[in-house]
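Scroll down for the structure; my scribbles are underneath it.
Every read-out reported here was derived from the displayed coordinates using simple, explicitly stated rules and does not represent laboratory data. Nothing here was measured: the structure is a model prediction, and the numbers come from that model. Don't worry about glycine lacking a Cβ; one is built from the backbone with ideal geometry, like all the others, and counts go over all protein chains shown.
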Amino acid sequence: MLFMVIERFCDEVGGLSAVGERFKARGRMIPEGSGVAYVTSWMAADGSCCYQLMESPTREALDGWIGAWHDLVEFEVSPVVTSAEFWARRT
């Protein structure tokens with residue numbers, strides 16, 4: 001399954017700088033064996049948030065990864081499908 005994850009950086013705990021430092025030191029921190037895979041991401045032009053496309057067997061499988069960042073980031077997670085898949089299901 002694909003999930004669009006919107007990450008909003010918490011300014012009161014260092015915001016973008018804290019997230020960048022942790023990422024440089026520890027990487028994406030996806031738990032091994034979780035079945036979760038990073039697909040791609042985009043940053044807001046002002047650096048206030050990140051939009052990530054993640055692949056995961058279930059929504060719950062994302063919880064280990066989210067837990068590694070929850071002190072610095074607020075997460076919004078939505079299941080998504082490609083446009084082609086969406087329209088193919090409608091016919």
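Descriptive notes on the structure:
- Across region 25-37, computed HN-Hα scalar couplings (Karplus, 6.51 cos²θ - 1.76 cosθ + 1.60, θ = phi - 60°) run 7, 10, x, 6, 6, 7, x, 4, x, 7, x, 8, 9 Hz from first to last residue, x flagging Gly and Pro.
- Measuring between their Cα centroids, region 54-91 and region 1-48 lie 13 Å from each other.
- Förster radius 22 Å - calculated FRET efficiency between Asp11 and Val39, Cβ distance, rounded to 0.05: 0.20
- The ranking of Phe75, Phe86, Phe23, Phe3 from fewest to most other beta carbons within 10 Å of each one's beta carbon is Phe86, Phe23, Phe75, Phe3.
- Sum of side-chain charges, Gly33 neighbourhood, beta-carbon under 15 Å (Lys, Arg +1; Asp, Glu -1): -3
- Each residue of region 75-82 is assigned a 3J(HN,Hα), and the resulting list reads 10, 10, 10, 10, x, 9, 10, 5 Hz, derived from the Karplus form 6.51 cos²θ - 1.76 cosθ + 1.60 (θ = phi - 60°), x at Gly and Pro.
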